[in-house]
1. Given the conditions (1) touching a strand residue (DSSP E or B) at 6+ places or on another chain (Cβ under 7 Å); (2) within 26 Å of Leu38 (Cβ to Cβ), and given that Thr173 satisfies all but one, which numbered condition is not satisfied?
2. I want to confirm something. Restricting to region 111-164 and keeping residues that are closer than 30 Å to Ala362 by Cβ and out of contact with any strand residue (DSSP E or B) (no Cβ under 7 Å at 6 or more places or on another chain), which single residue is surrounded by the most Cβ atoms within 10 Å (Cβ to Cβ)?
3. With Pro42, Pro105, Pro85 as the choices, which residue is in contact with a Leu (Cβ under 8 Å, 6 or more places away or on another chain) and over 16 Å from Thr16 (Cα atoms)?
4. Just name the residue that is farthest from the chain's Cα centre (by Cα) out of those in region 184-207 that are within 29 Å of Lys29 (Cβ to Cβ) and among the charged types (D, E, K, R).
5. Which of the residues belonging to region 43-92 are touching a residue at least 12 places away in the same chain (Cβ under 8 Å), charged (D, E, K, R) and not in a loop (DSSP other than H, G, I, E, B)?
6. Report the residue count in region 318-353 for those that are surrounded by fewer than 18 Cβ atoms within 10 Å (Cβ to Cβ), of a type outside the set (Phe, Trp, Tyr) and at pLDDT below 95.
7. Is it the case that region 203-218 has a residue that's within 25 Å of Glu78 (Cβ to Cβ) and at pLDDT below 95?
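The values are calculated or read from the model by the stated rules, or taken from the named source; none is laboratory data. Since this is a predicted model, take the numbers as computed values, not measurements. We place every Cβ from the backbone using ideal geometry, glycine too, and count neighbours over all the protein chains shown.
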Amino acid sequence: MIDLEFSEQEVLLQRTAVEFFISECPLAKVRELEDSELGYAPQLWKKMADLDWVGLSLPEEDGGAEGSLLDLYVLYLELGRALVPTPHLTSSVIAGETLARVGSPEQRKLVSQIATGDLIVATALMESDGDYGPEAVQLSATPGDAGGYRLEGTKLLVPWAHVAGRLLVATRTGPGPDGTTLLLVDPSASGISLERLDNTAGYPLFAVVFDGAEVAADAVVGEVNRGWETLTPALDRATVLQCAEIVGAGEAVLEMSLDYAKEREQFGQAIGKFQAVQYLCSDIAIDLHLTSLLARQAAWRVDSALPYQRELALAKAQAAEASQLMVRQAHEVYAGHGFMLETDLQLYTRRAKHWQFNLGEASHHFEAAVDAL
């Protein structure tokens with residue numbers, strides 16, 4: 001039997017997050033941060049760390065709260081609802097959890113800095129072909145001086161690279177189904193440069209160019225030629241949380257659409273009384289409900305140590321498609337008004353385009369679901 005109810009602790013966490021983000025990060029603040037150089041508010045990030053949210057899933061021995069994936073899930077519902085710009089997913093979840101699980105003693109020392117928000121680690125995965133998976137990793141790491149590696153190539157769409165103290169980089173070190181190796185790299189090192197990338201979502205995404213950058217042998221995280229396998233547990237958890245973020249945003253979009261349908265009048269009555277508009281809102285509610293059920297099922301199975309690959313793949317495939325359907329139907333309710341920059345709907349629409357592809361698009365996860373069957 002699948003338990004889809006949140007625990008008392010998770011309900012309390014969600015309520016606290018709702019109140020916190022209403023106070024600390026209203027949509028007016030989101031707009032302000034979107035136009036800023038940093039793209040996030042360090043003060044807000046520090047307050048989240050003080051609440052143990054930045055290190056929520058990290059081990060207690062490393063300064064974290066050792067929370068469950070469902071604990072993170074309810075937090076990400078509210079991060080999505082409020083569109084809070086933070087490096088939490090790349091730094092705390094993907095990089096932090098990976099370093100806590102397989103990092104060397106020296107690398108483990110960084111986890112406590114991640115948990116307190118004092119260190120941001122950006123994960124560099126994607127490259128020019130846009131595919132998601134180990135076969136797409138082509139940035140070469142060849143033997144360098146003193147047993148280290150020499151890096152040549154470019155990583156794209158690297159989030160928060162401009163404020164990262166370290167980069168967790170997936171590199172190509174050998175052939176085979178994996179053949180990748182994770183390296184922990186200082187982005188200020190010689191031979192590494194950053195270029196900010198314009199993007200629809202308004203996120204701080206960067207191209208990171210490695211031009212003969214040298215890293216020491218102790219930069220390896222986990223095992224050589226098993227980098228993607230090493231990263232997979234954290235990537236799977238991050239994928240569930242990306243679904244949760246989409247659900248939270250979808251709830252906000254549905255609420256906005258319903259409110260607008262009640263307030264906007266045409267032909268002498270609220271447009272919400274027209275059946276066509278009711279169908280549009282129903283479409284949003286249906287996709288939202290299905291995405292929520294699949295994502296929570298995946299999160300519950302991960303926490304319960306049950307096989308979850310099929311459920312995870314179906315959840316992300318559904319969430320990727322729903323992210324576009326929900327905002328599209330909302331724009332039908334709003335008509336052309338929803339595209340105006342003055343409206344809040346366009347903020348969700350632009351971010352939904354990033355979420356659609358982040359951590360694998362629908363086709364990738366549909367194929368993964370077939371493989372899991």
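1. For Thr173, the failing item is (2).
2. Result: Ile120.
3. Sole residue among the options that is in contact with a Leu (Cβ under 8 Å, 6 or more places away or on another chain) and over 16 Å from Thr16 (Cα atoms): Pro85.
4. Within region 184-207, the match that is farthest from the chain's Cα centre (by Cα) is Glu195.
5. Selection gives Lys46, Lys47, Asp62, Asp71, Glu78, Arg81.
6. Summing the residues that are surrounded by fewer than 18 Cβ atoms within 10 Å (Cβ to Cβ), of a type outside the set (Phe, Trp, Tyr) and at pLDDT below 95 in region 318-353 gives 7.
7. Within region 203-218, one or more residues are within 25 Å of Glu78 (Cβ to Cβ) and at pLDDT below 95.
Residue-wise test of (1) among the hydroxyl-bearing types (Ser, Thr, Tyr); (2) over 17 Å from Leu119 (Cα atoms).
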{"site": "Gly63", "(1), (2)": "no, no"}
{"site": "Ser68", "(1), (2)": "yes, yes"}
{"site": "Leu77", "(1), (2)": "no, yes"}
{"site": "Glu106", "(1), (2)": "no, no"}
